[in-house]
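The values are calculated or read from the model by the stated rules, or taken from the named source; none is laboratory data. Note that the structure is a prediction, hence the values are computed from the model and not measured. Here the Cβ is made from the backbone with ideal geometry for all residues, glycine too, and neighbour counts use every protein chain on show. Heads up: the accessible areas ignore ligands, DNA and RNA and are worked out on the full protein's heavy atoms, side chains in. Shrake-Rupley method; radii C 1.70, N 1.55, O 1.52, S 1.80 Å.
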Amino acid sequence: MSKKNQMLLNIFMIIVSWLSIPLLGWGTIKRFFPASVLSILLCIFDLQIGKRRKWWSFYNNPHSSIRNEIPFLIGPMLVMALCTLKWAYGNFKKFILLNAIGGVFFTVPLTIFFTKLKLYKLDKINNFQFFLYFFYKAFFLYGFQYLLEKNNLTKSY
């Protein structure tokens, strides 16, 4: 994939994701945004480990997180965190199931698709390990939201 096409894809992912956020409702955004941001911050921390261990590589600008991983995090990953909290918070089994489905979708068909597009490829981890790399954050996401609600730091809507 050319650098220009990658930039257009990144912009498209972010814009489409952010345009869908208001559909969740402003009350939902206010309630679940802090926990969703924590999830993204965990991903940014993990990103450094993954890059150092060469778990994946991007074809264009291989050392640029801003052009490679960050658009995925501030676009689809943020919206997925908000959606799963909205649709399943309060039902832990449903929440974990939704996160597992989203993780499998991202780590198998989308990773295969993006590898064929020559956007990125997995190098030193397989699809299952990549799934676990994303999935464990669901427990932090739910736990942080639980602590916020337990301490009345967010208002239930």
Regarding the range 73-89, can at least one residue be identified that is open to solvent by less than 50 Å² (accessible area, probe 1.4 Å), assigned to a helix (DSSP H, G or I) and farther than 17 Å from V37 by Cα? yes
I125 fails exactly one of the following numbered conditions: (1) touching a residue at least 12 places away in the same chain (Cβ under 8 Å); (2) in a helix (DSSP H, G or I); (3) surrounded by 16 or more Cβ atoms within 10 Å (Cβ to Cβ). What is the number of that condition? (2)
With respect to the numbered conditions (1) at pLDDT 90 or above; (2) aromatic (F, W, Y); (3) closer than 16 Å to Q6 by Cβ; (4) open to solvent by less than 60 Å² (accessible area, probe 1.4 Å), which one is the sole condition not fulfilled by W55? (3)
From the list F144, F114, F106, F131, which one is hydrophobic (A, V, I, L, M, F, W, C), free of Cβ contacts under 8 Å to residues at least 24 places away in the same chain and crowded, with 16+ Cβ neighbours inside 10 Å? F114
